[in-house]
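In what follows, a structure is listed as structure tokens, so that the remarks can point back to it.
The values are calculated or read from the model by the stated rules, or taken from the named source; none is laboratory data. Treat the numbers as computed from the prediction; the structure is a model and nothing was measured. When we count neighbours, we look across all protein chains shown, and the Cβ atoms used for this are built from the backbone with ideal geometry, even at glycine. Surface areas here come from the heavy atoms of the whole protein model, side chains and all, with no ligands, DNA or RNA. Shrake-Rupley method; radii C 1.70, N 1.55, O 1.52, S 1.80 Å.
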Amino acid sequence: MYNKLILVLNCGSSSLKFAIIDSNSNIVYINGIAECLYTKESKLLLQDQKSKIKKINLNENASHSEALRVFINFIINKKKKMYHNIYAIGHRVVHGGEKLKKSVIIDENVIKDIEDAIHFAPTHNPAHLIGIRESFKIFPKLLNKNVAVFDTSFYKDLKEKSYLYAIPYYLYKKYGIRRYGAHGISHFYVTRKASKILNIKVEKINLISCHLGNGSSISAIKQGKCIDTSMGMTPLEGLIMGTRSGDIDPSIIFYLNEVLNISLSNIKKMITEQSGLLGLTEYTNDCRYIENNYDNKLECKRAIDIYCYRLIKYIGAYSILMNGKLDAIIFTGGIGENSSKIREISIKKLSTLGFKLDQDKNLRIKNKAWGIITTKNSKPVIVIPTKEELIIAQDTAKLIDNHKEF
Ligand code: ADP
């Protein structure tokens, strides 16, 4: 019954998402997430085609490796046929640095290049490398069938004017300090989906794509190619995120260090793990809670209002780059797909750009369905559930099927 299956792995800093996908039909047979890794609450949640969710407790402080092994053992024991039909593994990799600009079959040289890009994605690339090394061990027969699919690939067409920072030029030439972008696989997927929904060819479509999750980024897409994006050299710049600050004045770092005597490592922790929605509310980065308490808790209102303000500033700026030919705005990611409040507040501020919210439609979008949430006389805002795993599976299958072994 099973055809050629791809195991897709997405190792985040404290989570591991996985899926087993038929590369021809795009059927997702099983997917899941191991979350709260390295904490007491670590657990594994699996969902099969019938949408039944199964919870498997992991040992306290379970690591990525342990979570992956528990998942694979589950497949071996309960879904033997599925296990035997896995013929390649696709790994999401956030940062390919200056060298890795498109999906590639992983060998030791590729691993070295992913390692070299660790300082550009310090919380992500090390986790991806654990997933890659562990896959090599668990699937020795598939050693030459691991593919890396990079978030940064979507940004390969950025021009100097959007990727260069106004700092001494040799820092780019010598050390590769520039904007690289992130969430590229998601922005790539929603671009193609929007092209189908709007019946506009990918090469012609002009979009502003908002990927709003724990990590958030926004991309300006002109004629199907990304021309600017909010994330920078690392996934810290740009929009307000769950725990990351996004844009701040770099002098804040000097002040914290020189005047308040906070060490650089603690400042790094502060702006990556204690800021964003968590910093603004002072106790949570869970957007569900913040949204539900928008009307009765001042700190929740503050966090969401500032979040939306930053978002619409970027949308305004990117709309200028479209020469008046913006086709649609896309909302995706855990927050973009689910937070009707954040969509409502943001879209209501975009009437001068021709966007008019249909609040009924906005409230009705549910259950991982796509939908247009603007009125008939408005330019469309489309909510599109992202499916990064499909792009990873497709790229993996393409590379493995074309790769001839001698
Ligand atoms: P990641 O960047 O880790 O992949 P996700 O894309 O899964 O993150 O998004 C996680 C965020 O989505 C969290 O802030 C969570 O609170 C938010 N979220 C999930 N479901 C809802 C919901 N129903 N309403 C509002 N926010 C939601």
Quiz prompt | Number of the condition not met by G333 [criteria: (1) within 15 Å of the ligand (Cβ to nearest atom); (2) more than 24 Å from I205 (Cα to Cα)] | solution = (2)
Practice problem: Note down all Cβ pairs under 9 Å where the first residue falls in the range 1-20 and is in contact (Cβ under 8 Å) with a residue 60 or more places away in the chain, the second is within 16 Å of the ligand (Cβ to nearest atom) and among the hydroxyl-bearing types (S, T, Y), and they're at least six residues apart or on different chains. | Solution: G12/T123; S13/T123
Self-check item: Members of the range 1-58 found to be over 25 Å from A397 (Cα atoms), outside any loop (DSSP other than H, G, I, E, B) and either at pLDDT 90 or above or open to solvent by 50 Å² or more (accessible area, probe 1.4 Å) (or both), listed by number
Solution: E35, K43, L44, L45, I53, K54, K55, N57
Quiz item: Among I227, I197, I221, which is crowded, with 20+ Cβ neighbours inside 10 Å and either within 21 Å of the chain's Cα centre (by Cα) or in contact (Cβ under 8 Å) with a residue 60 or more places away in the chain (or both)?
Solution: I221
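Here is a yes/no grid of residues against (1) part of a helix (DSSP H, G or I); (2) open to solvent by less than 10 Å² (accessible area, probe 1.4 Å):
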| position | (1), (2) |
| --- | --- |
| L326 | no, no |
| I342 | yes, yes |
| I345 | yes, no |
| L390 | yes, no |
Quiz item: Would you say I290 is open to solvent by less than 40 Å² (accessible area, probe 1.4 Å), touching a Ser or Thr at 6+ places or on another chain (Cβ under 7 Å), part of a helix (DSSP H, G or I) and within 11 Å of the ligand (Cβ to nearest atom)?
Solution: yes
Self-check item: Condition broken by N367, with the remaining ones in (1) within 15 Å of the ligand (Cβ to nearest atom); (2) open to solvent by less than 80 Å² (accessible area, probe 1.4 Å); (3) in a loop (DSSP other than H, G, I, E, B) satisfied
Solution: (2)
Exercise. Would you point out the residue of the range 232-249, among those that are among the hydrophobic types (A, V, I, L, M, F, W, C) and touching a Phe, Trp or Tyr at 6+ places or on another chain (Cβ under 8 Å), that is most open to solvent (accessible area, probe 1.4 Å)?
Key: M233
